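The block underneath contains the structure these notes are about, expressed in structure tokens.
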Amino acid sequence: MDHAKLLRLSTDYLAQYLRKIRACLDLLTEDQVWWRPHPRCNSVGNLLLHLRGNVSQWILGGLGGEPIKRERSLEFTADRTAPKAELLAGLGGIVERAQAVITGLGEQDLAAPRSLQGYETDGLGVVLHVVEHMSYHTGQIVFVAKQLAGEETELEFYPQRRRE
């Protein structure tokens, strides 16, 4: 697979995850966005802050060269620090900027060694980490939204698969 196709797929996946997150937030109230089953669990709000921090650090900083000051622990301790529209807009803006960085990467950028959060990887590893990481937390957000929205609310991302 050529690198251009891989990068295009990566930016497409990030856009898909953002659409799923947006659909989930449309179902949740402000209180539900910050709901936690117990203090050691993350709320949807925490996950949105965490994704914003991760994408910023790994793509904007790690590949784009932007100076990023991240306070990771605050992503998980935050509680009702922003309304859901602000959380979504913040993540959306970061994803859009990250997509621009990813789109501009060349083969040398993908092969160059990188060191982030104590991990040694290369540019391709950075892109794959962010796509996988956003996928993982998007699944968590979908799970929480389905649980909180109740059975009367349908959240269906793959209607073409219903008959399988």
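The number of residues in the range 80-100 being surrounded by fewer than 13 Cβ atoms within 10 Å (Cβ to Cβ) and within 18 Å of Thr29 (Cα to Cα) comes to 4.
Quick one: which of Leu110, Leu91 is modelled with pLDDT of 95 or more, among the hydrophobic types (A, V, I, L, M, F, W, C), part of a helix (DSSP H, G or I) and farther than 14 Å from Ala15 by Cα? Working first, answer last.
On the way: Leu91 fails: farther than 14 Å from Ala15 by Cα.
Sole residue among the options that is modelled with pLDDT of 95 or more, among the hydrophobic types (A, V, I, L, M, F, W, C), part of a helix (DSSP H, G or I) and farther than 14 Å from Ala15 by Cα: Leu110.
In the set Leu148, Leu155, only one residue is modelled with pLDDT under 95, in contact with a Phe, Trp or Tyr (Cβ under 8 Å, 6 or more places away or on another chain) and not acidic (Asp, Glu); that residue is Leu148. Only one of the listed residues (Leu60, Leu49, Leu25) is at pLDDT 95 or above, part of a helix (DSSP H, G or I) and within 12 Å of the chain's Cα centre (by Cα). That residue is Leu49.
Here is a check on your reading of the model: is Arg70 part of a helix (DSSP H, G or I), under 19 Å from Met134 (Cβ atoms) and free of Cβ contacts under 8 Å to residues at least 60 places away in the same chain? Quick ask: steps written out before the conclusion?
Numbers: part of a helix (DSSP H, G or I): no; under 19 Å from Met134 (Cβ atoms): yes; free of Cβ contacts under 8 Å to residues at least 60 places away in the same chain: yes.
Spelling it out, it is not the case that Arg70 is part of a helix (DSSP H, G or I), under 19 Å from Met134 (Cβ atoms) and free of Cβ contacts under 8 Å to residues at least 60 places away in the same chain.
What do you reckon, is Arg19 surrounded by fewer than 21 Cβ atoms within 10 Å (Cβ to Cβ), touching a helix residue (DSSP H, G or I) at 6+ places or on another chain (Cβ under 6 Å), modelled with pLDDT of 95 or more and part of a helix (DSSP H, G or I)? So Arg19 fails the test. The set of residues in the range 101-120 being out of contact with any Lys or Arg (no Cβ under 9 Å at 6 or more places or on another chain), surrounded by 11 or more Cβ atoms within 10 Å (Cβ to Cβ) and farther than 15 Å from Asp2 by Cβ consists of Val101, Gly104, Ala112, Arg114, Leu116, Tyr119.
Within the range 46-59, the set of residues being within 20 Å of Leu124 (Cβ to Cβ) and touching a Lys or Arg at 6+ places or on another chain (Cβ under 6 Å) comprises Gln57 only.
Of the residues making up the range 87-116, those that are over 13 Å from Val55 (Cβ atoms) and polar (S, T, N, Q) are Thr103, Gln108, Ser115. Any residue at all in the range 30-41 that is surrounded by 15 or more Cβ atoms within 10 Å (Cβ to Cβ), in a helix (DSSP H, G or I), hydrophobic (A, V, I, L, M, F, W, C) and out of contact with any Phe, Trp or Tyr (no Cβ under 7 Å at 6 or more places or on another chain)? Yes, that holds for at least one residue.
The values are calculated or read from the model by the stated rules, or taken from the named source; none is laboratory data. Bear in mind that the values here come from a model prediction, so they are computed numbers and not experimental data. Positions of Cβ are generated from backbone atoms using ideal geometry, with glycine treated the same way; all protein chains shown enter the neighbour counts.
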